[in-house]
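Chemist: If you scroll down you'll find the structure; I have some questions about it.
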Amino acid sequence: MIKFFLMVNKQGQTRLSRYYEHVDINKRTLLEAEVIKLCLSRSKDQCSFIEYKDFKLVYRQYAALFVVAGINEAENEMAVYELIHNFVEVLDKYFSRV
């Protein structure tokens, strides 16, 4: 199950956040800061899957934009990785040049 979905720029600013289970606002900001720090610090040669606390992070970088999904242990990482790609393709078609 997907727990949350984030879109973040290279400066670490959250551009979109969607949570699929309740998380307090204070905890959201801490969680987003830690997740962003983890994803931005990794090189392009490293894997796009990170085990973090009680869930996994799946992220993908498009130019200056990172798309991050937090998933539970039972979810398929490759399926979520492809979901992120399909989501970005749909945004690109709809808005042209996302």
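Chemist: When both residues are 6+ apart or on different chains and their Cβ atoms are under 8 Å apart, which pairs have a first residue that lies in segment 73-98 and is touching a residue at least 40 places away in the same chain (Cβ under 8 Å), and a second that is among the hydrophobic types (A, V, I, L, M, F, W, C) and outside any loop (DSSP other than H, G, I, E, B)?
Modeler: If the second residue must be among the hydrophobic types (A, V, I, L, M, F, W, C) and outside any loop (DSSP other than H, G, I, E, B), the pairs left are Glu75/Ile2; Val80/Ile2; Val80/Val58; Val80/Ala69; Val80/Ile71.
Chemist: I need a count of the residues in segment 32-63 that are touching a Leu at 6+ places or on another chain (Cβ under 9 Å), open to solvent by less than 50 Å² (accessible area, probe 1.4 Å) and of a type outside the set (Ser, Thr, Tyr).
Modeler: 7
Chemist: Can you name every residue in segment 66-81 that is part of a helix (DSSP H, G or I) and either of a type in the set (Gly, Ala, Ser) or open to solvent by less than 40 Å² (accessible area, probe 1.4 Å) (or both)?
Modeler: Once the filter is applied, which keeps residues that are part of a helix (DSSP H, G or I) and either of a type in the set (Gly, Ala, Ser) or open to solvent by less than 40 Å² (accessible area, probe 1.4 Å) (or both), segment 66-81 yields Ala79, Val80.
Chemist: Are any residues in segment 2-21 assigned to a loop (DSSP other than H, G, I, E, B) and either of a type in the set (Val, Ile, Thr) or in contact with a Phe, Trp or Tyr (Cβ under 7 Å, 6 or more places away or on another chain) (or both), and if so, which ones?
Modeler: Within segment 2-21, just Tyr20 meets the criteria.
Chemist: Residues in segment 36-53 that are touching a residue at least 12 places away in the same chain (Cβ under 8 Å) and not in a helix (DSSP H, G or I): how many?
Modeler: The initial filter retains those residues of segment 36-53 that are touching a residue at least 12 places away in the same chain (Cβ under 8 Å), namely 36-40, 44, 48-50, 52.
Still in the running and not in a helix (DSSP H, G or I): 44, 48-50, 52.
Residues flagged as touching a residue at least 12 places away in the same chain (Cβ under 8 Å) and not in a helix (DSSP H, G or I) within segment 36-53 amount to 5.
Chemist: Another question about this same structure. Out of the residues in segment 82-98 that are more than 19 Å from Asn9 (Cβ to Cβ) and among the aliphatic types (A, V, I, L, M), state the one that is most open to solvent (accessible area, probe 1.4 Å).
Modeler: Selected residue: Val90.
The values are calculated or read from the model by the stated rules, or taken from the named source; none is laboratory data. Keep in mind that this is a model prediction, so the values were computed, not measured. Glycine also receives a Cβ, built like all others from the backbone with ideal geometry; neighbour counts cover every protein chain displayed. Side chains included, ligands, DNA and RNA excluded: accessible areas come from the protein's heavy atoms. Shrake-Rupley method; radii C 1.70, N 1.55, O 1.52, S 1.80 Å.
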